[in-house]
Amino acid sequence: MTIEEMNRIRKEMGLSYEQVSHMSGVSLSTVQKVFGGFTKYPRYNTLQAIEKALTAANYGTPAGTRVSEDRAAMQRYSSGSENVGRDQVMKARLSKYQQFGKAVVEALSFNTHDYPRQGEYTKADYLALPDDQRVELIDGVFYDMASPARIHQVLTSEIIFQLNSCIKESGQTCLAIPAPSDVAIDNDDLTIVEPDIFVICKGDYDGPSDSEYMWGSGNHGLPRLIIEILSPSTRSRDMNIKFNKYRDAGVREYWIIDPKKEKIIVYQFDESQDVRIYGFNDTVPIGVSNGHCQIDFSAMHDSLRLAHELFGDSIYDET
């Protein structure tokens, strides 16, 4: 079965990328890349897992046949034009799904087109996810998050140490927070991001007394500074989707750190619209600190060198 055929069956069945991921055991980001044409040569095992899941879901009938019949039955039930119970329809479907395993039953034992799809997910869907499933929600779309590379963790710890030390010494009422920590930067229920590092200050939030938003399901408000450290799986998102989201939301300063190229790109989203590029031998001023704080990347050389000695080039690999 070709990728085009699998995608056609997926669409005819009304399956979201997330449902295909759940059924096949393939990560959501990989499913998106395969069907979106971003991965030219997917691994054979990946294609085999997706094909097996879709074949099981369609249980051998011509593409679209089962879906049309099921939807027609459900529509007759919903409209009351036929004396058929929903449980009867579902029971008939489940009897055929049982032979293909628990995952397919769980994923397809409901009327799939009633569930949200990419672009329609909300904060409630985000909060309903298992604790061990790390995603970001941006404009109603779920984006899978791989575990960060070791270089990512080393840089994060070094930057957080310098940031909070400087903030404390300067007497500012701010905190530098590392991931994982949810931030809802829009006044809607469609976006919850997880920046690698962000700086919050007293007075930055619309409702500082709202404990649910502050510490439970995402901080509503705008961090003054957001820092993202590029990884293979997040590079495009950080440089494009999240760049536009942060800028449009009103974040004042955004850093993109590229560990492999040892570059730091600093964007000022104020009237100046300034953009500067620094290296890992530079000291980078923090614009929103009004000259109080800066990050000395050269001071991190010993930690980065030790990490390379311990892990070699695998320091850049996501786990």
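A few remarks follow.
- Residue list for region 161-180, restricted to those being surrounded by 15 or more Cβ atoms within 10 Å (Cβ to Cβ) and either within 22 Å of the chain's Cα centre (by Cα) or in a loop (DSSP other than H, G, I, E, B) (or both): GLN172, ALA176, ILE177, PRO178, ALA179
- When the strands (runs of 3 or more DSSP E) confined to region 219-319 are screened for residues that are touching a Gly at 6+ places or on another chain (Cβ under 9 Å) and open to solvent by 60 Å² or more (accessible area, probe 1.4 Å), those reaching at least 1 such residues are found at 263-268, 283-285.
- All helices (runs of 4 or more DSSP H) inside region 1-46 with 2 or more residues being within 16 Å of VAL141 (Cβ to Cβ) and open to solvent by 20 Å² or more (accessible area, probe 1.4 Å): 17-24, 28-36
- Selection status of LEU190, open to solvent by 50 Å² or more (accessible area, probe 1.4 Å) and within 23 Å of the chain's Cα centre (by Cα): yes
- Candidates are the residues of region 127-136 that are open to solvent by less than 40 Å² (accessible area, probe 1.4 Å) and touching an Asp or Glu at 6+ places or on another chain (Cβ under 8 Å); the one that is modelled with the lowest pLDDT is VAL135.
- ASP139 being among the acidic types (Asp, Glu) and either within 19 Å of ARG305 (Cα to Cα) or open to solvent by 40 Å² or more (accessible area, probe 1.4 Å) (or both): yes
- Failed item, numbered, when PRO232 is tested on (1) modelled with pLDDT under 95; (2) closer than 14 Å to PRO195 by Cβ: (2)
- Of everything listed in (1) out of contact with any Ser or Thr (no Cβ under 7 Å at 6 or more places or on another chain); (2) surrounded by fewer than 18 Cβ atoms within 10 Å (Cβ to Cβ); (3) at pLDDT 75 or above, the single unmet condition for THR156 is (2).
The values are calculated or read from the model by the stated rules, or taken from the named source; none is laboratory data. For clarity, every value in this text was computed on a predicted model and none was experimentally measured. When we count neighbours, we look across all protein chains shown, and the Cβ atoms used for this are built from the backbone with ideal geometry, even at glycine. For the accessible areas, the whole protein counts, side chains as well, though only heavy atoms, and no ligand, DNA or RNA atoms are used. Shrake-Rupley method; radii C 1.70, N 1.55, O 1.52, S 1.80 Å.
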